[in-house]
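The values are calculated or read from the model by the stated rules, or taken from the named source; none is laboratory data. Because the structure is a prediction, the values reported are computed rather than measured. Neighbour counts are summed over all protein chains in view; Cβ atoms, including those assigned to glycine, are modelled from backbone coordinates with ideal geometry. Ligands, DNA and RNA are stripped out before the accessible areas are found, and what is left, the full protein with its side chains, is counted by its heavy atoms. Shrake-Rupley method; radii C 1.70, N 1.55, O 1.52, S 1.80 Å.
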Amino acid sequence: MPDLRELYQELILDHEKSPRNLRKIEDCSHEASGFNPVCGDKVRLYLACRDEVVVDASFEGSGCAISTASASMLTQAVIGKRVDEIRELRCRVGEMLTASPGEHTDIESMGKLAAFSGVCEFPNRVKCATLVWHTLDAALGSKEKSVSTE
Ligand code: ZN
């Protein structure tokens, strides 16, 4: 049986090589930008919401493998979900990414996003993974529409 960590690495590399939903939504209802100066990752997130459901999500940007894969998987994870479900998912992702090593809770329920569960062991890469989630907060909330991890 292949190592779970290897599977996760493959998943991240696959999303980096061929990011999903890498495009702009011209008539989006929500958008925001994020920047991680530590690594130089930039992301612009687009959401199209209808009746509190995200019917489409996409991103543009440039950054390292982790930030690109994180944005790609975020768009896949939120499409078809209600905004309140997305907020709940975002909380769980935040907990997973900032957990102490070995403290992982309920990774099974995270689906593909569990690929990032190992990132918390590399504190300098956590911001690469969380950038797009902070950007999601900005897009959905009343916060500044441009966020920085610093
Ligand atoms: Zn990065």
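A few comments on the model shown:
- Applying the set (1) of a type in the set (A, V, I, L, M, F, W, C); (2) within 15 Å of the ligand (Cβ to nearest atom); (3) over 26 Å from Lys24 (Cα atoms); (4) buried (at least 20 other Cβ atoms within 10 Å of the Cβ) to Phe122 leaves exactly one unmet item: (4).
- Selection status of Met73, surrounded by 14 or more Cβ atoms within 10 Å (Cβ to Cβ), part of a helix (DSSP H, G or I) and free of Cβ contacts under 8 Å to residues at least 40 places away in the same chain: no
- Among the residues here, Tyr8 does not qualify as of a type in the set (Phe, Trp, Tyr), away from the ligand (no atom under 16 Å from the Cβ) and open to solvent by less than 40 Å² (accessible area, probe 1.4 Å).
- Within segment 62-96, the residues that satisfy the criterion of being under 16 Å from Lys17 (Cα atoms) and touching an Asp or Glu at 6+ places or on another chain (Cβ under 7 Å) are Gly63, Cys64, Ala65, Ser67, Thr68, Ala69.
- Meets criteria (touching a strand residue (DSSP E or B) at 6+ places or on another chain (Cβ under 6 Å) and open to solvent by less than 80 Å² (accessible area, probe 1.4 Å)) for Ala32: yes
- Verdict on Ala77 being aliphatic (A, V, I, L, M) and more than 21 Å from Gly141 (Cβ to Cβ): no
- Flag if Glu31 is more than 16 Å from the ligand (Cβ to nearest atom) and over 16 Å from the mean Cα position of the chain (by Cα): no
- Residues being touching a residue at least 40 places away in the same chain (Cβ under 8 Å) and in a loop (DSSP other than H, G, I, E, B) - total across segment 80-94: 0
- Considered as a group, the residues in segment 39-68 that are surrounded by 15 or more Cβ atoms within 10 Å (Cβ to Cβ) and not in a strand (DSSP E or B) include one that is farthest from the chain's Cα centre (by Cα), and that residue is Cys39.
- Residue in segment 101-113 that is in a helix (DSSP H, G or I), within 16 Å of the ligand (Cβ to nearest atom), touching a residue at least 24 places away in the same chain (Cβ under 8 Å) and touching a helix residue (DSSP H, G or I) at 6+ places or on another chain (Cβ under 7 Å) present: no
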